[in-house]
Amino acid sequence: MRIKEILNTAAINSTITAEGWVKTKRELKGFSFIEISDGSTMNGLQVIIDGNLADYEAIIKKLNTGAAVTATGLVVESPGKGQRIELQAKAVTVHGEADPETYPLQKKRHSFEFLRTIGHLRGKTNTMGAVMRVRNACATAIHQFFQERGFIWAHTPIITASDCEGAGEMFAVTNFDLANPKRTKEGAVDYAEDFFGRPAYLTVSGQLEAEVMAMAFKDVYTFGPTFRAENSNTSRHLAEFWMVEPEMAFCDIVGDQDLAEEFLRYIFKYVLEACPEDMEFFNKRIDNSVLATAQNIIENEFARITYTEAIALLEKSNKTFEFPVEWGIDLQSEHERYLAEDLFKKPLIVSNYPKDIKAFYMRLNDDQKTVAAMDVLAPKIGEIIGGSQREERLDVLERRIQEMNIEAADLWWYLDLRRFGTVPHAGFGLGFERLVQFITGMGNIRDVIPFPRTPLNAEF
């Protein structure tokens, strides 16, 4: 039985076996207490080891913080405050010891900076345990949300020849000997001789491929790792991160916004119900507004404004921003957070951005200046969802590709989608780690993913 199940359902006077790792040990005269955890819950199971147990002294000597143990015994009512039961051990097996002189998790609290240096052990701490359980609940909620609505989970490629974002910050994939790549007569790298016969990269988004799937299956979503070779060492950036990207045929920008709002509300409600102890922990130890934020999202409609209205509100704010405000700028995090935190005090959706700051695939509006794009902005984190209605008109898409100096030949298959059965369609992308940050209140994105990949950091 997992310890969560034991604590919630184990019957008094039943005999059970519990497995886990020692969190604490207290030795008293004639008996000892240990608390063990298996990661299934914030709370540990208290085990009482009587001094009459065979090999008591030898066992207790090994039961230091971090040791792996199996304990079999009788479930009894606990006289201790805040715990329903405890286990009176009849047999204890120590599988792996943890030397108290060298095991680095001896103190109850460590800085997150220190824990990042021991990423292989930090999952044993209360905070990281809570993060990973909430992360798991978020992933479960995402799949459940889309599956309940008939979406198909599309497994889009991790290796791609397309730069969906157009930023060029992509990791190259090759089987060349980098010290001696094959070259043309002119001295350039000869990609025709490479594994894929052309330049290939780790994907920054599965969106374009999701559009392919949506043109056959109507409603699809991706959920997988994406990569960006941005040399940024901030608390907001990862080189490897997970994205959720639904794509819906026969859908416009309004339907896109409606789904995004419903989606976030569903996830927050699911997490509150699935991880109440963890969310209480975050509210108490990390950010005392996370529960109020969750209720705000669940209970209230999101505000909706246009980009032009957002610029007007920022200009009227009399607030000094690091990045000056004028129509045509790409909104920065400080602008987004002011709108969500200070002005509306809840998530809001900003739509109809200038075409010059958005991607080629976003549908051009009738004013010829803006595109049918939308961003969901959240308090304390800024943009959490970005999406758009896609340009389904072949002639307009070809013109946009030409205006942005993109090689149309590389997107022949994407243009074919507009030649054969084109339809209005829309979708959005959710940064999964940003979502977990938003829900938990964690300040650094590196602390909401098990193995963060950042510049000069790929330990495992």
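The values are calculated or read from the model by the stated rules, or taken from the named source; none is laboratory data. Since we're looking at a predicted model, the values are computed, not measured. FYI the Cβ positions are ideal-geometry reconstructions off the backbone, even for glycines, and counts take in every protein chain you see.
Entry remark, the stretch 174-230: residues being touching a Lys or Arg at 6+ places or on another chain (Cβ under 9 Å), assigned by TED's automatic domain parsing to the domain that holds Asp256 and of a type in the set (Phe, Trp, Tyr) number 1 in total.
Quick grid of which residues meet (1) in contact with a strand residue (DSSP E or B) (Cβ under 7 Å, 6 or more places away or on another chain); (2) among the β-branched types (Val, Ile, Thr); (3) at pLDDT below 95; (4) not assigned by TED's automatic domain parsing to the domain that holds Gly39:
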| residue | (1), (2), (3), (4) |
| --- | --- |
| Lys90 | yes, no, no, no |
| Arg116 | no, no, yes, yes |
| Arg133 | no, no, no, yes |
| Phe145 | no, no, no, yes |
| Phe151 | yes, no, no, yes |
| Ala154 | yes, no, no, yes |
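Among the residues examined, Asn352 qualifies as on the phi > 0 side of the Ramachandran plot and either crowded, with 16+ Cβ neighbours inside 10 Å or outside the structural domain of Ala378 (by TED's automatic domain parsing) (or both). If you check Ala310, Ala260, Ala294 for being within 30 Å of Glu5 (Cα to Cα) and of a type in the set (Gly, Ala, Ser), only one passes: Ala294. Filtering the stretch 273-295 to residues that are in a helix (DSSP H, G or I) and surrounded by fewer than 17 Cβ atoms within 10 Å (Cβ to Cβ) leaves Glu273, Ala274, Pro276, Glu277, Glu280, Lys284, Arg285, Ala292, Gln295. Taken over the stretch 207-266, the criterion of being among the aromatic types (Phe, Trp, Tyr) and either surrounded by fewer than 16 Cβ atoms within 10 Å (Cβ to Cβ) or farther than 23 Å from Ile445 by Cα (or both) is satisfied by Phe217, Tyr221, Phe250.
For the stretch 355-460, please list each of the helices (runs of 4 or more DSSP H) lying entirely inside it that holds at least 1 residues being within 23 Å of Ala303 (Cα to Cα) and either assigned by TED's automatic domain parsing to the domain that holds Pro225 or modelled with pLDDT of 95 or more (or both).
It comes to 432-440.
When Ile12, Ile34 are screened for being farther than 20 Å from Glu280 by Cβ, out of contact with any helix residue (DSSP H, G or I) (no Cβ under 8 Å at 6 or more places or on another chain) and surrounded by 18 or more Cβ atoms within 10 Å (Cβ to Cβ), only Ile34 passes. When Val69 is tested against (1) surrounded by fewer than 16 Cβ atoms within 10 Å (Cβ to Cβ); (2) under 40 Å from the mean Cα position of the chain (by Cα), only condition (1) is not met.
Listed by first and then second residue, the pairs linking a residue in the stretch 98-109 that is assigned by TED's automatic domain parsing to the domain that holds Asn64 and farther than 20 Å from Ile60 by Cβ to a residue that is surrounded by 10 or more Cβ atoms within 10 Å (Cβ to Cβ) and of a type in the set (D, E, K, R), with Cβ atoms under 8 Å apart and 6 or more places separating them unless they lie on different chains, form an empty list. Annotation note: of Thr93, Thr117, Thr102, the sole residue that is over 28 Å from Leu7 (Cα atoms) and more than 26 Å from the chain's Cα centre (by Cα) is Thr102.
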